[in-house]
Amino acid sequence: MSARRAILAAGTNAARAQIAARALGTYQAEAYDHPEYEEEETSISDLICDLRHWADCNSISWQRALDRAAAHYQSEKKEDEA
């Protein structure tokens, strides 16, 4: 397990969400002239689209990445419910 994944695995879903918020903020700052005017849902959609372009350029299976993300999400949600 990578060091990054170990940190995320030990964290709470609230901590994971905070990490995602920082990543989204960085994306917004890079992608938009006025990121403060962009709705978060639009920013998330744009980021996902750009990640798919990146995956295509790097020969990464988008579907496998989505499947893995969905499995991780379900597992992590169960941790919160326990």
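In this structure, is I60 surrounded by 11 or more Cβ atoms within 10 Å (Cβ to Cβ), assigned to a loop (DSSP other than H, G, I, E, B) and modelled with pLDDT of 95 or more? Reasoning before the result, please.
Numbers: surrounded by 11 or more Cβ atoms within 10 Å (Cβ to Cβ): yes; assigned to a loop (DSSP other than H, G, I, E, B): yes; modelled with pLDDT of 95 or more: yes.
The answer is yes for I60.
Listed here are the residues, each with its yes/no results for (1) exposed (fewer than 11 other Cβ atoms within 10 Å of the Cβ); (2) not in a helix (DSSP H, G or I).
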position: D33; (1), (2): yes, yes
position: T42; (1), (2): no, no
position: C49; (1), (2): yes, no
position: L66; (1), (2): no, no
**Complete:** If we keep only residues of segment 68-82 that are surrounded by 11 or more Cβ atoms within 10 Å (Cβ to Cβ) and free of Cβ contacts under 8 Å to residues at least 24 places away in the same chain, then the residue farthest from T12 (Cα to Cα) is R68
**Request:** Search segment 14-36 for residues that are at pLDDT below 90 and pair each with any residue that is hydrophobic (A, V, I, L, M, F, W, C) and surrounded by fewer than 13 Cβ atoms within 10 Å (Cβ to Cβ) when their beta-carbon atoms are under 7 Å apart and the residues are at least 6 apart or on different chains.
**Result:** P35/A29
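The values are calculated or read from the model by the stated rules, or taken from the named source; none is laboratory data. Keep in mind that what you see is a predicted model, and the values were worked out from it rather than measured. Here the Cβ is made from the backbone with ideal geometry for all residues, glycine too, and neighbour counts use every protein chain on show.
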